[in-house]
Structure formats: structure tokens, C-alpha cells
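A.B. asks: Please see the structure below; I have some questions.
FYI, it's all coordinate maths here, none of it is from the lab. It should be emphasised that the depicted structure is a prediction, and the values quoted were computed from it without experimental measurement. Ideal geometry is used to build each Cβ from the backbone, glycine not excepted, and the neighbour counts take in all protein chains shown.
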Amino acid sequence: MKVLLVDDSGVMRKIIARGLNRLWVKEVIEAGDGVEALELFGDGAGFDLVVTDWNMPNMNGLELVTAIRASGNKIPIIMITTETEKTQVIKAIQAGVNDYLVKPFDQDMLTLKLERVLPNPQSA
């Protein structure tokens, strides 16, 4: 399984990548914002999942999700954020996010979210 991990915090990327690697994720490709993520994403070839933060410079996570969905790509996307307002959650879902993970979170929550969005995660 190959995941595109997008967060402007290098520390958060390391924490999330470590959590993903403890599971069944073989490869984590990191981006510091939505612009960099879109360049890496290209047509989505090779990625099984996108995990993105919401609040980032240049292009935020919501804009990234909107761009990916506008291209017609149905890749599973998990939004990780501190945004907890119901209106914000609704915005993310309307943009095309498959699931939502609020910081701080633990390994069990990360595992649960991956299992929800991926049909057979350990075989990917």
C-alpha cells in the first residue's frame, strides 16, 4: 500500500507516517502542502490513499480534496485536523473526504479510520 501524506508540520508527518508504517502501509510519500501534494499525486497512479491535514499554507487540505475530486479520482481520502465544528466537518464531506480524524488521535483511531475507508487494507 502506498499513501500520500500531506501536512505542513514535519513533526506531524513523522508521527502519522510512523503510525501508518506500524500498520500495513509499505510506502508513505510526504508533501508539505496541497500544491506539493498535487504535483506528487499527478493522475493518482500508484497511490492507494491520501491522508491530508486541513490547515496548511499555499493550498489547504480542503482545496486539495476539491482538486482531486474535480479530476474524477475516487481515491479514498482521510482529513486529519483540529477542526471540530460541525459546519467544517460537513464542508470536508461535501468536498469528497471519506473520513475525518481529529487531532490529537491515537494508533487505534488511525487504524479504525483506515479500515473504514479501505475495503481490504492489508491486501493493498
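A.B. asks: Do any chymotrypsin sites (Phe, Trp or Tyr not before Pro) in segment 1-80 lie in a loop, going by DSSP, with at most 15 other beta-carbon atoms within 10 Å of their beta carbon, and if so which? Kindly include the intermediate steps, with their values, before the conclusion.
C.D. replies: Details: sites: TRP24, PHE41, PHE47, TRP54; in loops: TRP24, PHE47, TRP54.
Passing both the DSSP loop test and the Cβ count: TRP24.
A.B. asks: Which option, (1) 6.7; (2) 7.1; (3) 8.0, is the value of mean projected area of the Cα convex hull in nm² that was calculated from these coordinates?
C.D. replies: Only one listed value fits the structure, namely (1).
A.B. asks: Here's a follow-up. What length, rounded to one decimal in nm, is gained on full extension from ARG18 through to THR84, with 0.36 nm per residue of separation minus their alpha-carbon distance?
C.D. replies: Value of the extension gain: 21.3 nm.
A.B. asks: Just need the relative contact order of segment 2-114 here, percent rounded to a whole number, with Cα pairs under 8 Å and 6+ apart. It would help to have the intermediate numbers written out before the result.
C.D. replies: Values: 183 pairs, mean separation 27.0, N = 113.
Computed over segment 2-114, the figure is 24 percent.
A.B. asks: So, one more: At 0.36 nm per residue, minus the direct Cα-Cα distance, what do THR66 and VAL11 gain on full extension? Give it in nm, one decimal, please.
C.D. replies: 17.3 nm
A.B. asks: Could you size up the charge dipole of the chain around its Cα centre, putting +1 on the beta carbon of Lys and Arg and -1 on that of Asp and Glu, and report it in debye to the nearest 20?
C.D. replies: Values: 13 positive and 17 negative charges, 69 e Å.
Here the chain has a charge dipole of around 340 debye.
A.B. asks: Further question on the same structure: List the lysines whose Cα lies under 18 Å from the Cα of LYS103, skipping any in the same chain that are fewer than 8 positions away.
C.D. replies: LYS14, LYS86, LYS91, LYS113
A.B. asks: With runs of 4+ DSSP H residues as the only contributors, calculate the mean residue ellipticity of the chain at 222 nm using -39,500 (n - 2.57) per run, divided by the residue total and rounded to the nearest 500. Don't skip to the answer; put the middle values down first.
C.D. replies: Details: 5 runs with 52 residues, N = 124.
So the calculated ellipticity at 222 nm is -12500 deg cm²/dmol.
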